[in-house]
Amino acid sequence: SSETFWTTTGMFPQEFIVGFPKCVKISRVAIQSYLVRTLRIERSVSEDPVGFEECIEKDLEHTEGQLQKEEFPLPEFQATYLRFIIKSAFDHFVSVHRVMAEG
């Protein structure tokens, strides 16, 4: 729902982890956020959310008053967990409104 979102507590870095029921193939990740400056996406193929390795790190464009809509086309890889690390922001608080992983 576009009416719900996850928000940071004001200090960085902040992170959240998305888990899948089993190891899946992923070729694209998309995120809708607000005021995120630097985002890193990591993956894990473990049964538990450990042993993450970096997939991509990107500086996002500042979009005043509107959501940032970023797509990350990636070489196809497998993951059981994706960790999103917000390393820095354009303000003290940021929000994440949607995360999509396709494969």
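Being assigned to a loop (DSSP other than H, G, I, E, B) and more than 13 Å from the chain's Cα centre (by Cα) is the filter here, so list the residues in the stretch 9-34 that pass it.
Hits for the stretch 9-34 are Thr9, Gly10, Met11, Phe12.
Would you confirm, using the coordinates I've provided, whether Gln66 is closer than 16 Å to Lys22 by Cα, open to solvent by 30 Å² or more (accessible area, probe 1.4 Å) and either touching a residue at least 24 places away in the same chain (Cβ under 8 Å) or over 14 Å from the mean Cα position of the chain (by Cα) (or both)?
So Gln66 does not fit the description; no.
The values are calculated or read from the model by the stated rules, or taken from the named source; none is laboratory data. These numbers come from a predicted model, not from an experiment. As a convention, Cβ positions derive from the backbone with ideal geometry for all residues, glycine included, and neighbour counts pool all protein chains shown. Remember, those area values only see protein heavy atoms, side chains included, never the ligands or the DNA or RNA. Shrake-Rupley method; radii C 1.70, N 1.55, O 1.52, S 1.80 Å.
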